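The values are calculated or read from the model by the stated rules, or taken from the named source; none is laboratory data. In this text the structure is predicted, and so the values were computed from the model without any measurement. Note that each Cβ is placed from the backbone with ideal geometry, even for glycine, and that neighbours are counted across all protein chains shown.
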Amino acid sequence: MAEEALFDHYEDELRSFLASASRKTAAAMAAIGDETSCRASLESAGDDLSDASGVLKSMALESKTSGTDKRQRMEARTAAVQAEVDRVKGEIKRIRQMLTRSDRIDLFGDEDLEAGGLADRARMVESSEQKLKRGTDRIQESIRVANETESVGAGILETLSGQRQTMLRARDNLGDMDEDMTRSRGILSTMSRRVTVHRLIIYATLALFVTALLMMILFKAFRRT
């Protein structure tokens, strides 16, 4: 549980950096006409992403060293935030390319190029908003799947624990039965010995009776003669 709590802490920290970087990226896009403000926002967003990448490495290391029952869902959550980090990096890269294009427009004074650039900027803003929404939806879906996976895993563990208790009780019952059978065999063995002794006594009594009877017959026969 301690390693999972640490992983959750890393994820919360990374999402905080991502949220900050996304806000600053949107601010940079809105300030595309003000190069100084735009570059400052991009620089700050890049710092947030650098911090997020460091936390992401800690998450990846934590997932690799976790138990097999937790590793799969940790890796899924790590992959989800990795995709979001890559998406924000791509947004920053595109805005920087737009700034470079804007610099070319200022240098050469190409009005047609500038008009086209403004249209591209509008499309980029709309595309960024849509991608941000899709990225958020994917993260939420990944969290939902991870939670469901965790619930299923907990149910399986509970079932296995119940089966283990059942097997332990069955083993104890078998031990009791074995003891009962051992006692039963002892009782039967004792009874068998007693029956044998009784038979020997009966046979001995019959032998004495037959011997006495024969002696009486012989005695009477000798007296007559």
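Pairs please, first residue from the range 18-34 and touching a residue at least 40 places away in the same chain (Cβ under 8 Å), second anywhere and in a loop (DSSP other than H, G, I, E, B), Cβ atoms under 7 Å, 6+ apart in sequence or on different chains.
none
With the checklist (1) in a helix (DSSP H, G or I); (2) in contact (Cβ under 8 Å) with a residue 24 or more places away in the chain; (3) over 25 Å from residue 130 (Cβ atoms); (4) within 15 Å of the chain's Cα centre (by Cα) in hand, flag the one item residue 66 doesn't pass.
For residue 66, the exception is condition (1).
Which condition number does residue 30 fail, the rest of (1) surrounded by 15 or more Cβ atoms within 10 Å (Cβ to Cβ); (2) more than 24 Å from the chain's Cα centre (by Cα) being met?
Answer for residue 30: the failing condition is (1).
Quick one: count up the residues across the range 155-195 that are more than 30 Å from residue 70 (Cα to Cα) and either in contact with a Phe, Trp or Tyr (Cβ under 6 Å, 6 or more places away or on another chain) or of a type in the set (Lys, Arg) (or both).
So the count comes out to 5.
Without any contact (Cβ under 8 Å) to a residue 24 or more places away in the chain, out of contact with any Lys or Arg (no Cβ under 7 Å at 6 or more places or on another chain) and closer than 19 Å to residue 138 by Cα: which single residue out of 90, 54 fits that description?
Working: 54 fails: closer than 19 Å to residue 138 by Cα.
Answer to the selection: 90.
As an exercise: evaluate residue 41 against (1) touching a residue at least 24 places away in the same chain (Cβ under 8 Å); (2) surrounded by 15 or more Cβ atoms within 10 Å (Cβ to Cβ); (3) within 24 Å of residue 97 (Cβ to Cβ) and give the number of the one condition it does not meet.
With (1) touching a residue at least 24 places away in the same chain (Cβ under 8 Å); (2) surrounded by 15 or more Cβ atoms within 10 Å (Cβ to Cβ); (3) within 24 Å of residue 97 (Cβ to Cβ) applied to residue 41, the lone miss is (1).
What do you reckon, is residue 33 out of contact with any His (no Cβ under 6 Å at 6 or more places or on another chain), among the small types (Gly, Ala, Ser) and not in a helix (DSSP H, G or I)?
Judged against the criteria, residue 33 is a match.
Considering (1) among the β-branched types (Val, Ile, Thr); (2) at pLDDT below 80; (3) more than 30 Å from residue 25 (Cβ to Cβ), say which one residue 197 fails and leave the rest.
Condition not satisfied by residue 197: (2).
Taking the stated definitions as given, is residue 166 modelled with pLDDT of 85 or more, surrounded by 10 or more Cβ atoms within 10 Å (Cβ to Cβ) and of a type outside the set (A, V, I, L, M, F, W, C)?
no
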